[in-house]
Amino acid sequence: MTRVANIDSLLRQLRLGQLSDELPILFEAARSQKHSYERFLASVLTAELTGRESRALVRRMRAARLPIKARLETFDFAFQPSVSERLIRELAGGTYLETATNVILLGPPGVGKTHLACALAVEAIESGRTARFCTLRTLISDLAGLGRREVKTLRAYLKPDLLIIDEIGYTQLNADHANSLFELVTARYERGSIILTSNLSFNDWGQLLGDDVLASAMLDRLLHHAEVITINGRSYRMRNHIENESSITARGGSI
Ligand code: ADP
Ligand code: MG
C-alpha cells in the first residue's frame, strides 16, 4: 500500500498523474498473465501515450469552437444529391490540408454548408490536425481595428491547419473589415486551408466587400487551389414543412 502511494507521488511529480487510475488494472493484468518487466513497462507507457492522445484530441476539439456536433456519418447525401459524396469522402482523407487547398461551400440556407464544414473539421481534428471555426461576423469583430501587420500575427486564425469562415454574405463589410479579411486570406494563402461557406455567388462579392478590385484579388487567392462545392438543393431544416405541405396539397387534391 505504502509503495502504491509512493508511486502516485512519483507519477504526480513526473506529471503522469493520470496514470494512477489505470495502474491497478495494469498491475493486475501483469500479475495474472505473468508479463515480463519489458511487457509491463510497454503497457504502462502505451497507456500514458493513449491517454495523452485522447486528452490532446479533446483539447483540439474544444479549441476549434465548432458550433454543432456534425459528422459525415450523419449527413444524408441522398437528401442533397448536388453534393458529391465521393468528393466529400476524399476531402475527409485530408490531402487538401497538406496542399493548403481551400474548400468553398456555396448554397442557400439550410442545405448543410455548416454541417459539412464542421464534419470536415472533425475529420481533420481526429487525424491530429488543428482547426478553428468562426463566422464572418465574429472574425470581423476580432479583426476590427487591427492594422495590416497585426492581422498577420493573429495566431488564432493563422496557426490552425484549417480555418472555417462561415456565413460569408450575411454581414456587410466596411472598407476596414474588407481589408482585414483580405490580409487574412493573403496570410493563409498557400500556407493553410480555409473552408468558407456562403449564400452568395462570387459575382456578389464585390458588393459584399464594397470593392470590386479587392474582391477579385481575394477570390484569385482563394480559388487558386480550391474545391468549389455548389449545393443547390432543398433546405434540410424545411424538409418536414415541405413534406407536410405536399401531403396537405395531396390531401386537398384528393377531396
Ligand atoms: P447551412 O449552413 O447551409 O444553412 P446547416 O449545415 O446549418 O445549413 O444545416 C441545417 C441543419 O440541418 C443542421 O442541423 C444540419 O445538421 C442539418 N442538415 C443539413 N443538411 C443535412 C443533410 N443532408 N443530412 C443531415 N442533416 C442535414
Ligand atoms: Mg450555416
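What follows is calculated from the coordinates using simple rules that are stated; it is not laboratory data. As the structure is a computational prediction, the values presented were derived from the model and not from experiment. Note that we place each Cβ from the backbone using ideal geometry, even for glycine, and neighbour counts take in every protein chain shown.
Computed on the chain, with alpha-carbon pairs under 8 angstrom and 6+ residues apart, the relative contact order is 23 percent.
Each Lys and Arg Cβ is given +1 and each Asp and Glu Cβ -1; about its Cα centre, the chain then shows a dipole of about 840 debye. Cut-off 10 angstrom, C-alpha nodes, Gaussian network model of the chain. Which of T114, T101, T74 fluctuates the most? Top of the fluctuation ranking is T74.
Comparing A156, T114, L196 along the charge dipole axis of the chain, the residue lying farthest to the positive side is A156, per the Cβ-charge model. As I understand it, the dipole of the range 1-71 uses +1 on the Cβ of Lys and Arg and -1 on the Cβ of Asp and Glu, about the Cα centre. Which of L26, F40, L66 lies farthest toward its positive end? Of L26, F40, L66, it is L66.
When the Gaussian network model of the chain links Cα atoms closer than 10 Å, the mean-square fluctuations of F182, F77, F40 top out at F40.
Screening the chain for whole DSSP H helices of 30 Å or more along their axis (Cα) with average Kyte-Doolittle hydropathy at least -1.0 returns 37-64. Loop exposure criterion: trypsin sites (Lys or Arg not before Pro), DSSP state outside H, G, I, E and B, at most 15 other Cβ atoms within 10 Å. Applied to the chain, the longest stretch between such sites is 72-151. A cut-off under 9 angstrom between Cβ atoms defines the neighbours of Y96, and their net charge, with Lys, Arg +1 and Asp, Glu -1, is -3. Compute the separation of the alpha-carbon centres of the range 192-211 and the range 1-74 and state it in Å as a whole number. Going from one Cα centre to the other spans 45 Å. Of the residues F79, A100, G51, the one whose Cα sits farthest toward the positive end of the charge dipole of the chain, with +1 on the Cβ of Lys and Arg and -1 on the Cβ of Asp and Glu, is G51.
Comparing L19, L162, L72 in a Gaussian network model of the chain, where Cα atoms under 10 Å apart are tied by springs, the biggest mean-square fluctuation is seen for L19. Other residues with beta-carbon under 13 Å from the beta-carbon of A226 carry, at +1 per Lys or Arg and -1 per Asp or Glu, a net charge of -1.
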